[in-house]
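Note sheet for the following structure.
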Amino acid sequence: MFLTAVGLVVLLGCWLTGYAYVALLRERGKRQHVLRTGERATARCVRVYSRPNWAIAKPGQKIRQRFVLEFASPDGDRVSFEDDATPAATRVGDELTVAYLPEQPEHAVFASADGQKDHVEPLYPGLVFFLGFLVVMAVIAFAGVAVLQAYAAAPPGLWIEP
């Protein structure tokens, strides 16, 4: 009974990890769509602030910088949005290239003007490793339950006692 409960908890963990991974992939897909098909504009950094983010902080770093960027849409409206994929060296007043969809300019993203590889969330490898770990633990837990059930159902003297 205990190992069955452990197996179910591990399976729940696998499901939650998989759900988080799919959500991150969707977000990355939206970002790639905006970068591929969106319009380009020059934005200015108007504010930089830090916030705690323990899940993706590098060793010795407990904060994640967020950048508030602002650009003018084709109809002249000022659009302001936050982005954490902006280069860390960006300071208030710097000009950057952004991509946006005309129907949703508030969902703009930083677009590197020099063709550098886009920002990749460092959480992906950790999620993949954790999901693999949980799957292996679930297999071990269910195998343990099967062995114990076979041991309990076997006739006396079948198993070698230590």
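Key figures for this structure:
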read-out	value
Residue check for Gly115: at pLDDT 80 or above, part of a loop (DSSP other than H, G, I, E, B) and at positive phi	no
Residue ID - farthest from Arg40 (Cα to Cα), chosen from residues in the range 61-82 that are of a type in the set (Lys, Arg) and open to solvent by 70 Å² or more (accessible area, probe 1.4 Å)	Lys62
Pairs where the first residue, in the range 15-28, is over 17 Å from Asp84 (Cβ atoms) and of a type outside the set (A, V, I, L, M) and the second is at pLDDT below 80 and open to solvent by less than 100 Å² (accessible area, probe 1.4 Å), C-beta under 7 Å, 6+ apart	Thr17/Leu127; Thr17/Phe130; Thr17/Leu131; Thr17/Leu134; Gly18/Leu131; Tyr21/Leu127; Tyr21/Leu131
Boolean, Ala85 is surrounded by 14 or more Cβ atoms within 10 Å (Cβ to Cβ) and modelled with pLDDT of 80 or more	no
Residue that is open to solvent by 90 Å² or more (accessible area, probe 1.4 Å), in contact with a strand residue (DSSP E or B) (Cβ under 6 Å, 6 or more places away or on another chain), at pLDDT 85 or above and within 21 Å of His107 (Cβ to Cβ), where the choices are Arg44, Arg36	Arg44
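The values are calculated or read from the model by the stated rules, or taken from the named source; none is laboratory data. All figures in this text were calculated on a predicted structure; none of them were measured in a lab. A quick note on method: Cβ atoms are made from the backbone with ideal geometry, for glycine too, and the neighbour counts reach across all protein chains shown. With ligands, DNA and RNA removed, areas are computed over all heavy atoms of the protein, side chains included. Shrake-Rupley method; radii C 1.70, N 1.55, O 1.52, S 1.80 Å.
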